[in-house]
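The values are calculated or read from the model by the stated rules, or taken from the named source; none is laboratory data. Keep in mind it's a predicted model, so treat the numbers as computed, not measured. Neighbour counts are summed over all protein chains in view; Cβ atoms, including those assigned to glycine, are modelled from backbone coordinates with ideal geometry. Remember, those area values only see protein heavy atoms, side chains included, never the ligands or the DNA or RNA. Shrake-Rupley method; radii C 1.70, N 1.55, O 1.52, S 1.80 Å.
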Amino acid sequence: MIKEFIDLLFLSLTYMTPLVLAAIGEIVTEKSGIVNIGIEGIMLFAAFSATVVTFFTGNPFFGVLIGTVLGGLLGLVHGIISIYLRGDQIIAGIGLNILAYGATAVGLISIWGNFGSSPFVAKIPKIVVYNRYISPLTISSIIIAIVFWWVLSRTAIGLKIRACGESPHAAEAMGVNIWLVRLGSTIVGGSLSGLAGAYMSIDLVGQFSRGITAGRGFIALANVVFSNWNPLLTILGGFVFGFFDALAAYLDIIVQSIALTYIFKIIPYASTLIVVTAFIGKSKPPADLGKPYFKE
Amino acid sequence: MSDSYNNVVIETKKLSKIYPDGVIALRDVNFKVYKGEIHGVLGENGAGKTTLMRILYGEIKPSKGIIKIFGKNVNFKGPWDAIRTGIFMVYQHFSLIPSFTVLENLVLTSLSMGEKSWDRVSKKAEKIMKTTGLSVPLDEKVEDLPIGLQQRVEILKALLMNAKILILDEPTSILTPIETKQLFSSLKELKKAGITVIFITHKLKEAISITDKITVMRKGIIVGTIETRKATIEKLAKMMVEKDIKVNAKRDRKTSKEVILSVRNLEIKDENNVLKVKSVSFDLKRGEILGIAGVQGNGQKELIEAIVGLKKVERGKIYLGKLNITNKPTSEIYSLGISYVPDSRCIGLVQEMNLIENSSLTHMKTVSKNGFIMWRMAIKLTKNIVYRYNVITKSLKTKVKYLSGGNQQRLMIGREVLRKPKVIIVAEPTHGLDLAATKFIREQLVKLRDEGKGVLLVSSDLDEILQLSDRIAVMFDGKIVALKKADEISLEEIGMLMGGAY
Amino acid sequence: MKREEYLIFILEIAGSALIGFFIGSLLLLVLGFDPLKSFSSLIIGGLYDLDYLLSEATFVMLTGLAFSIPAMASVFNIGGEGQVYLGALASLIVAHHTGNILLSVLIGVSVGALVGGLMGILKVYKGVNEVITAIMLNWIFYYITLYLITNIYYNPLAPYESIRVPKSSRIGYIDTPLGRIHLIFFISIITCIITYIVLYNTKIGYSIRVSGLSYKSAEYAGFNPSKNVVYSLVMGGVFGGLSGALKVVGFSYSIDTTMSSLYGIGFDGIGVALLGRNNPLGIIFSSIFYSMLIVGGHIMQIELNAPKELVDTLIGTLIIALSLPYAYRIILSKFKIMRMVRRF
């Protein structure tokens, strides 16, 4: 019994990782005032590109790096659309998700001629702890959470970012370059989402399949709200949501019923919904979130 | 006070600003300020004082003319050039981050000067607070501080950035009389420290009490600069205003004793669950204008919102005639005969909708039948409003946001008056409007009174209250501290009551 | 002013379509396809079969409404997918058990309404962001539907699809001079027209629009903006559920076990709504255009072996392009086209 439980806990850690990374990224973006619901799309693009790179170079680290960089680039695009072109941030995010789904499917077909999934690629080597495996990215995600918490609350750049999200007019009057800070934040946010996506294909599964992210980008958004925009709390939230994800996978393996697979798959989404509903009353988003900035 | 050339800190020669649409905001302005002065710039709305200051601050580019700061020609590309030269402007609306602490705000500002150490900023701030006597609690959130202290944080910001010239834009408009006194003594301290202060205002008395020199502006030109000790209120008023805009509110009409709206022991909380209205009672009679005077933020807004059902009444009752309307839904209160013109044109109107749709906003009963909207009726109504209230617009289908403020206000008031209410509540009806619109609207309010309606006027403009009201109530800290007939209360008394004295 | 607004409106749509096609061409070139051949195959293939074109348009027309109406109240309903699945499932089950067309459709619609209502209540009374609820519900309903059609309502004679809708409860087609056209198309057109009338000529439509444009103005006017948010989401759910119900009861008469016939209708509806500028009448046209892309995509795949997901790529780019209203105004004003427009 204990052994199974510990297995489940370790599995939760693996599922927690992308939810923490993407959430931290989105926290940085949202603290600066921009909302990016396209992180699901970024994760998908990153997962795909990381797989492609790893496939052709044989080097999983390089794949993860490219995935992260691509995420940053997509964050840049979203930033330009939101900040300079003053586009509707929600709609742009929706478009990005749809685009990602289509483009990665097209890519899957044109590179490997397969409509479902790519061949398996090299994975990131794991660290062994008590006969179980933990990914270095999982540990990194926790460290990243702590680092970003500290940066946002205790440093000058963190102050600037928060100022943009709370009162951009006041911040600008105080010499903060709103455009640059917000753009930088969306790039950082995109990079972390990219890292999360790359992790999913290279580290967690070992291949890319259509729709591999399966809504995890949105669960990460739920994690942002759950953690009240505090990077430290995303670890807790990520673990809770990751636990349900792991539970679904675990039950699937144990119960071995094709029919019930579908029912188990519902667990992460239903639990996310319930958790968010229960905890939401206490959260306070940045005051200027999602509004394009118009100079007076 | 030597007037030697070396002591000129600001000088403009033939400074002009003409906008692309032809409006002349400034014309050949020769403005001179000497070191260590408290220099007042006096003028009505639209006189050009703010435009002049914004040009000095680098926010607006002049069309013509020379600007010299500390004797050197300057060509500012933005406020940061001005700040680097030693000028700092404190606006009516502060540029502070409300959810940050005072220290965080100061650090943020210092970052732009390259200063990254929270410690050094903190120490410098403490030093400045000591030498000037302007103190603020560094670790409190700005949003938790009273307005007077928030303003002080702005001034501290300026000093932190080594400002030698401080421009204050209507600083007392949001202060109580007591806070105003505190501000003035702070300014005297700053003067001692060698800082030059430019003080924009439209209040004659203030200008005389605190400044060394006064420059009066009118319609984009400088009418004259006069030493304050040689100035009188009458002289200044004459320089400022072209024609008398006093509306002849006849008060010799017999006002009926019939009470139309009565409010008893109201207690109302705001969004943060803070008690904003603390046991207010008054009666509004038919055929009278009851003016509620007071600095914004003393509960007036919550009071009138509660009367129309937009805010919950915690305790107390509201009666329309004999009917208890406490906490009834807004739509019901409107249909019982109360109309409300709010202080914000973004609330009273839907800026993205056109005139016809906006006119229908509170006329659903007239304009709709069985759930369907009869647009023909709505158009008729709109035409009526536009005609009677002189709303200038190219077409009825234009979006309201393209109308000028004055025309939007006319539309709103016209719409509410045409509901033929028994009671009409207006808040800040002429705020930000030009002279013609102001005159028109005030005339309309008097007309309503003459027709036997009850008019509840909430305004932070004392002149307006005095001109129009038959009876005046003063609100301070959520209570009505005085309720008297207009000719039984003086301007000074109102001012003191507004500030909490007594 | 109005004429200028119309011209900008058209330029926006044309501009977005151009960008979408431009990027699509680039992608095709990269992948080794001839853009011209591909697009002509797309367009011709799309328009070839009128009945197919209009039928496919029906479903996205309705999910377009499902997104637009809440959008009028400033709410984003991306739960169209889930509403479609549930509406399809519910009507399939009811048709199977009762054989009654009206009841099937009604239940399908009601289920959609409940989903919308749930999203609305969670948003208004619990403050839960509707984007998150929508996506979670989408996935939950996806798996519920999948489970039920593969385990309980499966078709023993055909493992790739669910049970078939009994003949008595099918909505058929009519014969017109242009050929055979499914009735469901006309149902959706009527729905759009009714929606337009409600939105622009009734008190509740007006109240919803005011709530969406200015929450505080709606409060001031005595409307109840929170309730309007819920109403608009209920309406959105109704359209979503109707779309799913009509697909099952009026077109495919079953649900295939890969869910491919239902998947994507909700998301496509978002594109349709945006292209139709959230106007029910505009959506009629944009849904037909969209349908051309979708149907054409299938043909393109068959003829040229180009993946049909390419169309998804096009659509995604189009949506991103459509999120940029101000961009066009900025660009236009920079190129002084405004002056030309003013002269018209």
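One table, with the values for the structure above:
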| quantity | calculated |
| --- | --- |
| Amide N proximity, the range A:247-270 versus A:F5 label position 7 Å along Cα-to-Cβ, cut-off under 11 Å | none |
| Test item: Cα-centred dipole of the protein assembly as shown, Lys/Arg +1 and Asp/Glu -1 on Cβ, debye | 3860 |
| Furthest towards positive pole of dipole, A:L183, A:L260, A:M1, structure part chain A, Cβ charges | A:L183 |
| Sequence of C:L102, C:L146 when ordered by accessible area, the most exposed leading, probe 1.4 angstrom | C:L102, C:L146 |
| Value of Rg/Rh across the range C:58-153 [Cα atoms, Kirkwood radius] | 1.00 |
| Distance (nanometres) between label positions extended 7 Å along Cα→Cβ at B:E140 and B:K61 | 4.4 |
| Approximate spin-label separation A:L76-B:D119, in nm, with each point projected 7 Å along Cα-to-Cβ | 3.8 |
| Helix axis angle, B:177-192 relative to chain B longest principal axis, alpha carbon, degrees | 10 |
| Cα-Cα pairs of the protein assembly as shown separated by more than 55 Å (percent) | 27 |
| Restricting the range B:109-146 to trypsin sites (Lys or Arg not before Pro) in coil, as DSSP defines it, with at most 15 other Cβ within 10 Å | B:K116 |
| Cα long-axis angle, helix A:39-57 against chain A (0 to 90 degrees, to the nearest 10) | 60 |
| Distance-filtered residues of the range B:207-241 - backbone nitrogen under 16 Å, label point 7 angstrom along B:D463 Cα→Cβ | B:207-208, B:216-220, B:233-241 |
| Student exercise, chain C dipole from Lys, Arg, Asp, Glu Cβ charges, in Debye to nearest 20 | 1220 |
| Shielding by partners - mean other protein chain Cβ count within 10 Å, residues of A:250-263 | 2 |
| Stokes-Einstein diffusion coefficient of chain A, Kirkwood radius over Cα pairs, 25 °C, 0.890 mPa s, in µm²/s | 127 |
| Cα-centred dipole magnitude for the range A:97-202, charges only on beta-carbon of K, R (+1) and D, E (-1), debye, nearest 20 | 300 |
| Exposure of A:L233 as accessible area (Å², to 10), given a probe of 1.4 Å and all protein chains | 70 |
| Solvent-accessible ranking of A:M1, B:M377, B:M217, largest area first, probe 1.4 Å | A:M1, B:M377, B:M217 |
| Those residues of the range B:285-308 whose amide nitrogen sits under 15 Å from the label point placed on B:S262, 7 Å along Cα→Cβ | B:285-286 |
| Farthest toward positive dipole pole in the protein assembly as shown [+1 Lys/Arg, -1 Asp/Glu at C-beta], among C:L178, B:V426, B:S16 | B:S16 |
| Efficiency of FRET from Cβ geometry, B:V23 and C:D34, R₀ 56 Å, rounded to 0.05 | 0.45 |
| Set of lysines with alpha-carbon distance to B:K116 below 21 Å, sequence-local pairs under 8 removed | A:K31, A:K160, B:K124, B:K127, B:K141, B:K157 |
| Compactness of the range C:50-305, expressed as Rg and Dmax over alpha-carbon positions, Å | 18.0, 61 |
| For chain C, built as a Gaussian network whose Cα springs stay under 10 Å, the top-fluctuating residue of C:G241, C:G20, C:G87 | C:G20 |
| Positive-end extreme of charge dipole, chain B - chosen from B:I385, B:L236, B:L149 (charges on Cβ) | B:I385 |
| Coil-residue GluC sites (Glu not before Pro) of the range B:399-502, DSSP, other Cβ within 10 Å capped at 12 | B:E451 |
| Exposure of B:W375 as accessible area (Å², to 10), given a probe of 1.4 Å and all protein chains | 60 |
| Distribution of pairwise C-alpha distances over the range B:19-152, 5 Å bins, in % | 2, 8, 14, 18, 18, 15, 12, 8, 4, 1, 0 |
| Heavy-atom accessible area ranking, 1.4 Å probe, most first, across B:H431, B:H363 | B:H431, B:H363 |
